[in-house]
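Notes follow the structure.
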Amino acid sequence: CNALNASLVLPENANISFCKLKRLVLNKTQVPWIQVEALAQHLPQLEELHLESNRMTKLPTEGRMLFPTLQVMNLTDNAITSWDDLTVLETLPQLHTLVLNQNKLSTIITPKDTYTSLTSLSIAENPISEAVALNALGAFLGPLQSLRISPLVEGLSSVQSRMMIVPRLPQLVTLNGSKITPKERSDSQKHYLKTCAQQLTAQYSIAHHTDDCSDVPAEFLDCNPQYAPLVAKHFNPLPPSDGTQAGGSAQQAMGMQTTTVTLRSLVATSMTKGDKQKKLPATYTIAKLKVMFQTLFGLEVDR
């Protein structure tokens, strides 16, 4: 530990000496935020500020904007428990990278129109355990492209964790340092729809709903703001019981349905092979069925 024994008090003309300083590292110095705040007027061009492992619990301010040119803030390994303790950072116009790993944040609550320039957020090793906490990132942090976060449920593999996170944040480009491919995004979104369908059935006793989700409970949509957009994009996992669907979603929903069929050959040379039962999708074509017959019974397709 390199605790500073003296206060960071600078003479009035210190802004001349430090006006070109762009990066300041005060890790493991136990410097209090009040002294960092006092430095702001002397560092008019500061772009990076690193305050790791300083036991900070909040960043109080008198309401004035500090470090207007700051682009990177690193607060790893402190004791911050609430986003309300970070209000001094909310309106920094150039802040694009915020590192809050190893703190005590249990949720994500940010007022609307804050962190408007933030493109990279690291919140790994915080006690965030519910996927619904990510909704704030999708709603208020529009530019966010990169996220680092620990698995939301203990015991989940990295793949399973990504499938929980990716559908909720459509603007993300990278997650935990790995690029999100179009296939991964699409697969995780479809998996998310099926998971939501199970939740709707189990918690709300809903077996069917319209394609526009107008009859889905508002409470559910508040907790799953990406559900309706993804239903429109991919398919309705709980289509209306009368079978009416909108355009492409009907086709995709039908593709998810399967039918068990029994295949039997009446040709003498292959009758001894017995019946074959197969589960086939509702969209399976006659042409494909002929090829299957040829494979199973050794018949020519035209027969």
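Screening region 50-77 for residues that are on the phi > 0 side of the Ramachandran plot and at pLDDT 90 or above and picking the one that is most open to solvent (accessible area, probe 1.4 Å) gives 55.
Residues in region 1-34 that are among the hydroxyl-bearing types (Ser, Thr, Tyr) and either open to solvent by less than 20 Å² (accessible area, probe 1.4 Å) or at pLDDT 95 or above (or both): 29 only. When we screen 200, 175, 144, 121 for residues that are more than 27 Å from residue 52 (Cα to Cα) and in contact (Cβ under 8 Å) with a residue 12 or more places away in the chain, the only hit is 200.
Within region 206-303, considering only helices (runs of 4 or more DSSP H) that don't extend past its boundaries, which have at least 1 residues that are among the aliphatic types (A, V, I, L, M) and modelled with pLDDT of 85 or more? Result: 218-223, 227-233.
For residue 165, the conditions (1) open to solvent by 50 Å² or more (accessible area, probe 1.4 Å); (2) closer than 24 Å to residue 236 by Cα all hold with the exception of (1). Taking the criterion of being more than 22 Å from residue 117 (Cβ to Cβ) and at pLDDT 90 or above, the only residue of region 35-49 that qualifies is 35. Of the residues making up region 227-234, one or more are on the phi < 0 side of the Ramachandran plot, touching a helix residue (DSSP H, G or I) at 6+ places or on another chain (Cβ under 6 Å), in contact (Cβ under 8 Å) with a residue 60 or more places away in the chain and of a type outside the set (Phe, Trp, Tyr). In the set 156, 169, only one residue is in contact with a Leu (Cβ under 7 Å, 6 or more places away or on another chain) and not basic (Lys, Arg); that residue is 169. Against the conditions (1) farther than 26 Å from residue 224 by Cβ; (2) open to solvent by 40 Å² or more (accessible area, probe 1.4 Å), where does residue 116 fall short? Just the number, please. Of everything listed in (1) farther than 26 Å from residue 224 by Cβ; (2) open to solvent by 40 Å² or more (accessible area, probe 1.4 Å), residue 116 misses just condition (1). Screening residue 183 on (1) under 15 Å from the mean Cα position of the chain (by Cα); (2) at pLDDT 95 or above shows it passes everything except condition (1).
The values are calculated or read from the model by the stated rules, or taken from the named source; none is laboratory data. Given the structure is predicted, the values throughout are model-derived calculations rather than measurements. Cβ sites come from the backbone with ideal geometry, for glycine too, and all protein chains shown count toward neighbours. Protein only, heavy atoms only, side chains kept; ligands, DNA and RNA dropped before computing areas. Shrake-Rupley method; radii C 1.70, N 1.55, O 1.52, S 1.80 Å.
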